[in-house]
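Just below is one structure, and these are the notes that go with it.
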Amino acid sequence: MGVAKNMFNAQLGRRVLLAVPFAASLAIGGIMPVYAADLGPANNYNVFVFGDMNQSSDSEGRVAVGGNATFTNFGIGDRLSNSNGSDARLVVGGNLNYNGGQVFGGNAVYGGTATLSGGANTNNGSFIKGSSPVDFNAAKQELSKLSSDLGGIAATG
């Protein structure tokens, strides 16, 4: 009888252990734990594009574009604290065509040519022609590998 009682207690213990995470997930709205991956060179960006980008809305954080960028009435970084020009909020590897909009609290760095029109400006920063602070080729290799690795993980849901 002692063995049966111990087996019952062991089974009950497992059920209690399983019930606690289940109850906790119900208490917080059924949210299952999510594990974030380190996105390496893309960690600090809200938008990270390897090729060209043509956009007419806003990004509240940093934007990196490996190719050419065309923005119309596009605000960048308005939710970030002001870096007074010590931070690149926009990085464009190629040409930048910016028609209206603002880069808030930091710089816009571009590698090709820049066409600024319609009042496009920076707030406490500058438009700077120079080499990209992002190595888009290395980033593409690293992030493509990460994507492949994550795609190989078995589904749990």
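Would you tally the residues in the range 59-71 being without any contact (Cβ under 8 Å) to a residue 40 or more places away in the chain and either over 19 Å from the mean Cα position of the chain (by Cα) or outside any strand (DSSP E or B) (or both)?
4
Filter the range 83-93 for residues that are open to solvent by less than 50 Å² (accessible area, probe 1.4 Å) and not charged (D, E, K, R); which is nearest to Arg62 (Cα to Cα)? Talk me through it step by step, then tell me what you get.
At the first step, the residues of the range 83-93 found to be open to solvent by less than 50 Å² (accessible area, probe 1.4 Å) are 83, 85, 87-93.
In the following step, the residues that additionally are not charged (D, E, K, R) were identified as 83, 85, 88, 90-93.
Working: Ser83: 12, Gly85: 13, Ala88: 8, Leu90: 6, Val91: 8, Val92: 11, Gly93: 14 Å.
Going through the qualifying residues, I end up with Leu90.
Conditions (1) within 16 Å of Asn46 (Cβ to Cβ); (2) buried (at least 16 other Cβ atoms within 10 Å of the Cβ); (3) touching a His at 6+ places or on another chain (Cβ under 6 Å); (4) touching a residue at least 40 places away in the same chain (Cβ under 8 Å), marked per residue:
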position	(1), (2), (3), (4)
Arg79	yes, no, no, no
Asn95	no, yes, no, no
Ala114	no, yes, no, no
Phe127	no, yes, no, no
Phe136	no, yes, no, yes
Leu143	yes, yes, no, yes
Ile153	no, no, no, no
Gly157	no, no, no, yes
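What's the total number of residues in the range 72-89 that are assigned to a strand (DSSP E or B) and over 19 Å from the mean Cα position of the chain (by Cα)?
Total meeting the criteria: 2.
Among residues belonging to the range 61-77 that are within 21 Å of Gly119 (Cα to Cα) and touching an Asp or Glu at 6+ places or on another chain (Cβ under 6 Å), point out the one that is surrounded by the fewest Cβ atoms within 10 Å (Cβ to Cβ).
Gly75
Of all residues in the range 38-58 being over 10 Å from the mean Cα position of the chain (by Cα) and in a strand (DSSP E or B), which is surrounded by the fewest Cβ atoms within 10 Å (Cβ to Cβ)?
Out of the qualifying residues, it is Asn54.
If we keep just the residues of the range 98-108 that are under 23 Å from the mean Cα position of the chain (by Cα) and farther than 13 Å from Ser83 by Cβ, which is surrounded by the most Cβ atoms within 10 Å (Cβ to Cβ)? Break it down stepwise before answering.
Within the range 98-108, the first condition is being under 23 Å from the mean Cα position of the chain (by Cα), and the residues that meet it are 98, 101-108.
Next cut, farther than 13 Å from Ser83 by Cβ only: 98, 101-102.
On the way: Tyr98: 28, Gly101: 21, Gln102: 21.
Step by step, filter the range 98-108, then rank; the result is Tyr98.
The values are calculated or read from the model by the stated rules, or taken from the named source; none is laboratory data. Since we're looking at a predicted model, the values are computed, not measured. Using ideal geometry, Cβ is built from the backbone for each residue, glycine included, and neighbour counts are taken over all protein chains shown. Calculation scope for accessible area: heavy atoms of the full protein, side chains included, ligands and nucleic acids excluded. Shrake-Rupley method; radii C 1.70, N 1.55, O 1.52, S 1.80 Å.
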